[in-house]
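The values are calculated or read from the model by the stated rules, or taken from the named source; none is laboratory data. Please read these numbers as outputs of a predicted model, since none were measured by experiment. Ideal geometry is used to build each Cβ from the backbone, glycine not excepted, and the neighbour counts take in all protein chains shown.
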Amino acid sequence: MNGKPKKREKILVVDDDKYVLQTFKDFLSILNYDTVTVSSGVKAIEYLSNNTPECVLIDMVMPDMSGLDLIDYIRINFPYISFIAVSAVSEIDVIKTAMQKGAYDYLIKPVKITDLAMTVKRAIERGKLLKENIEYKNKLEQKVNEQTRYIKKMFLRAINAMIKALEARDHYTEGHSERVSNFSVILGKAMGIENNNINNLRIAALLHDIGKIGIKDKILSKPEGLNSHERSIIMQHPLIGERILRYFIDNQDILKGVRNHHERYDGKGYPDKLKGQDIPLFARIICVTDSFDALKTDRPYRTSKSINEIKTIMENESGKQFDPEIIKVFLKLIDENKIIQ
């Protein structure tokens, strides 16, 4: 039965000496390799732009581009191609540098065919292993990225489900979490928070009231003001929220944003009586945006405030309930119509 002939492995030889190139080509042809020879590093790069040999033999001393420079190019652009340093005995220091840069091995001129055969064969085998490892790593990274995207998708669905469950129990909070999240993102960006932290701020703000799921309906939806006992119960919602979330969120910025969003800058808030800069940044931001949305929304016990009334209230609470620097930025955003009202 006739099968397809085995594909010959490609070898690129780079040397400025025509005699050396012909000698290598003759030797490698005897060893049944598909051999291409070029006389400079520049020509080698031109060849590599359209071809991928299994192995490259590189003379270390060439006039236009040194062998070490060509090694750097191959190492960066073709990490799975094995390359072999070729040089004279007198250039042993250059060979040492080539080995440090990742050369598989070296050959000393004049090269014996037996040494060439063994070195090239092993270099090609190493290159195949490197390529397999790189391809495996890339496939693994792809699978990890796909799984990560899936987990994030399911995580966001779980967040939305919890928010909808809360809103179903208290129609006065419908849309509140999403608005607070949007305001917090706008404020966070204006404060210069880095993009990789903005998403965590978004999540913390979305979930800031999730602990209210653990509060009884008769308190949560009470149409008149709460008595002291009822207030003490509803003041537990930041702690309840943190306890719920810690089972599937390990980001401390998010958890602290939920736990401490009712702290006051003057230290008279809850649940931990934190003061000033000791209050986590996310919590200080959510404190502002949460209060803003609450003031501009009708509640069972009071009607909404106008924007001018809200600005006055918030300015008066600067340094008391709110971080003065954050309030300054937030009020500026309101004046610039960057907070969607």
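Among the conditions (1) free of Cβ contacts under 8 Å to residues at least 40 places away in the same chain; (2) surrounded by 15 or more Cβ atoms within 10 Å (Cβ to Cβ); (3) among the polar types (S, T, N, Q), Thr114 misses just one, which is (2).
Of the residues screened, Ser184 is one that is in the same structural domain as Pro280 (by TED's automatic domain parsing), hydroxyl-bearing (Ser, Thr, Tyr) and at pLDDT 90 or above.
Within segment 255-282, the only residue that satisfies the criterion of being touching a His at 6+ places or on another chain (Cβ under 8 Å) and either of a type in the set (D, E, K, R) or within 15 Å of Gly319 (Cα to Cα) (or both) is Gly269. All conditions in (1) in a helix (DSSP H, G or I); (2) of a type in the set (Val, Ile, Thr); (3) closer than 26 Å to Val61 by Cβ hold for Val111, with the sole exception of (1). Can you say whether Leu331 is over 22 Å from Asn160 (Cα atoms) and assigned to a loop (DSSP other than H, G, I, E, B), as far as the supplied structure shows? The answer is no for Leu331. Which pairs do you get when a residue that is in a helix (DSSP H, G or I), found in segment 128-154, comes within reach of a residue that is among the charged types (D, E, K, R), reach meaning Cβ atoms under 9 angstrom, with the pair 6+ apart or on two chains? Taking only residues 6 or more apart or on different chains, the pairs are Lys128/Glu54.
Evaluated against (1) closer than 15 Å to Ile186 by Cβ; (2) surrounded by 22 or more Cβ atoms within 10 Å (Cβ to Cβ); (3) of a type outside the set (Val, Ile, Thr), Asn337 falls short on exactly one condition, (2).
Out of the residues in segment 203-256 meeting the condition of being in contact with a Ser or Thr (Cβ under 9 Å, 6 or more places away or on another chain) and charged (D, E, K, R), tell me which one is surrounded by the most Cβ atoms within 10 Å (Cβ to Cβ). For segment 203-256, the residue satisfying everything is Asp209. Restricted to segment 212-323, the set of helices (runs of 4 or more DSSP H) holding at least 3 residues that are farther than 19 Å from Ile159 by Cα and in the same structural domain as His176 (by TED's automatic domain parsing) comprises 217-220, 228-234, 281-295, 307-316.
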